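Q: Can you read through this structure? Questions will come right after.
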Amino acid sequence: MTFAYDGSKYKGFQKQPKAKTIQGEIEKALKILNNDEKVEIHASGRTDAGVHALNQKAHFDMDLKMPIEKLQKALNSLLPNDIYVKSIVEVSDTFHARYNVKAKEYIYKINMGEYNPIEKDYVYQYNKRLDVVEMERALKYLEGTHNFKSFSKSDEEKENEDYIRTIVQTNMIRDVKNVNLITISLLGTGFLRYMVRNIVGTLIEIGEGKRKSEEIIDVLNAMDRSKAGKTANPEGLYLKDVYY
């Protein structure tokens with residue numbers, strides 16, 4: 001299943017007791033379509049509160065009593081209008097939406113111009129100029145295989161090798177129509193919790209002139225969360241795509 005969602009009114013993707021979540025809403029709708037039998041979905045990964053997805057992926061097991069195209073329409077008719085199922089396809093029993101992932105792409109949107117209340121939940125309203133060239137230079141240093149412990153969630157204790165991730169490609173995209181809008185793109189084999197937002201927080205400090213672009217290498221090598229910038233706000237972050 002490929003689906004998109006506006007995460008601004010949810011406590012994240014993952015099901016939680018007494019909290020409105022993306023997984024909770026989809027499973028509630030699937031249960032109705034499955035004769036009140038519970039259906040559990042397994043996503044490519046979770047997104048945090050306020051984070052959006054353009055092409056999130058998940059799999060589930062269900063004895064289907066209707067054509068797949070009808071299932072997609074029926075599901076969308078039951079879901080809130082800020083979650084939308086784009087497609088459903090049949091896969092083999094060995095497929096797993098999380099464990100078979102080859103790569104993921106995240107994007108992060110920043111508005112350097114005047115505050116925009118319409119976009120406040122979808123673009124980070126930084127509302128000041130940033131040195132985008134210096135930020136782009138820093139971004140390129142992150143490409144390749146590194147230990148990203150400095151950019152992980154601060155209380156996430158793993159073995160050191162568990163912090164190793166590969167960033168395949170990075171891009172700084174400038175909007176042709178809106179010079180104040182920049183989009184940071186990261187394509188990688190996997191991401192740690194808060195990794196993208198912690199990278200963006202550090203890039204913003206570089207864009208502010210508080211750090212030089214090459215200092216991001218020192219941050220990486222330190223393997224210490226306290227050496228990186230603060231965690232950027234969730235609203236600018238999107239899971240753009242998942243590749244298998």
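The values are calculated or read from the model by the stated rules, or taken from the named source; none is laboratory data. Because the structure is predicted, anything quoted here is derived from the model rather than measured. Here the Cβ is made from the backbone with ideal geometry for all residues, glycine too, and neighbour counts use every protein chain on show. Surface accessibility is based on the protein's heavy atoms, side chains included, excluding ligands, DNA and RNA. Shrake-Rupley method; radii C 1.70, N 1.55, O 1.52, S 1.80 Å.
Q: Filter the range 1-52 down to the residues that are of a type in the set (A, V, I, L, M) and touching an Asp or Glu at 6+ places or on another chain (Cβ under 7 Å), then identify the one that is nearest to K65 (Cα to Cα).
A: Restricting to residues being of a type in the set (A, V, I, L, M) and touching an Asp or Glu at 6+ places or on another chain (Cβ under 7 Å), the top hit is V39.
Q: Shifting gears a bit: Can you list residue pairs whose Cβ atoms sit under 7 Å apart, with the first residue in the range 183-205 being closer than 13 Å to R165 by Cα and the second being among the small types (G, A, S) and open to solvent by 10 Å² or more (accessible area, probe 1.4 Å)? Count only pairs 6 or more apart in sequence or on different chains.
A: If the second residue must be among the small types (G, A, S) and open to solvent by 10 Å² or more (accessible area, probe 1.4 Å), the pairs left are L187/A103; G188/A103; T189/A103.
Q: Take the range 1-34 and flag every residue that is in contact (Cβ under 8 Å) with a residue 24 or more places away in the chain and part of a loop (DSSP other than H, G, I, E, B).
A: Across the range 1-34, the qualifying residues are M1, D6, Y10, K11, G12, F13, Q14, N34.
Q: Follow-up question, since we're still on this one. Quickly run through the range 179-201 and pick out the residues that are of a type outside the set (A, V, I, L, M), open to solvent by 10 Å² or more (accessible area, probe 1.4 Å) and closer than 17 Å to M135 by Cβ. Please lay out each step first, then the result.
A: Narrowing the range 179-201 to residues of a type outside the set (A, V, I, L, M): 180, 183, 185, 188-191, 193-194, 197-198, 201.
After this cut, where a residue has to be open to solvent by 10 Å² or more (accessible area, probe 1.4 Å) as well, the list is 180, 183, 189-191, 193-194, 197.
The answer is N180, T183, R197.
Q: Only one of (1) touching a strand residue (DSSP E or B) at 6+ places or on another chain (Cβ under 9 Å); (2) open to solvent by less than 80 Å² (accessible area, probe 1.4 Å) fails for Q169. Which number is that?
A: (2)
Q: Could you identify the single residue in K109, K102 that is among the basic types (K, R), within 18 Å of N55 (Cβ to Cβ) and open to solvent by less than 70 Å² (accessible area, probe 1.4 Å)?
A: Among K109, K102, only K109 is among the basic types (K, R), within 18 Å of N55 (Cβ to Cβ) and open to solvent by less than 70 Å² (accessible area, probe 1.4 Å).
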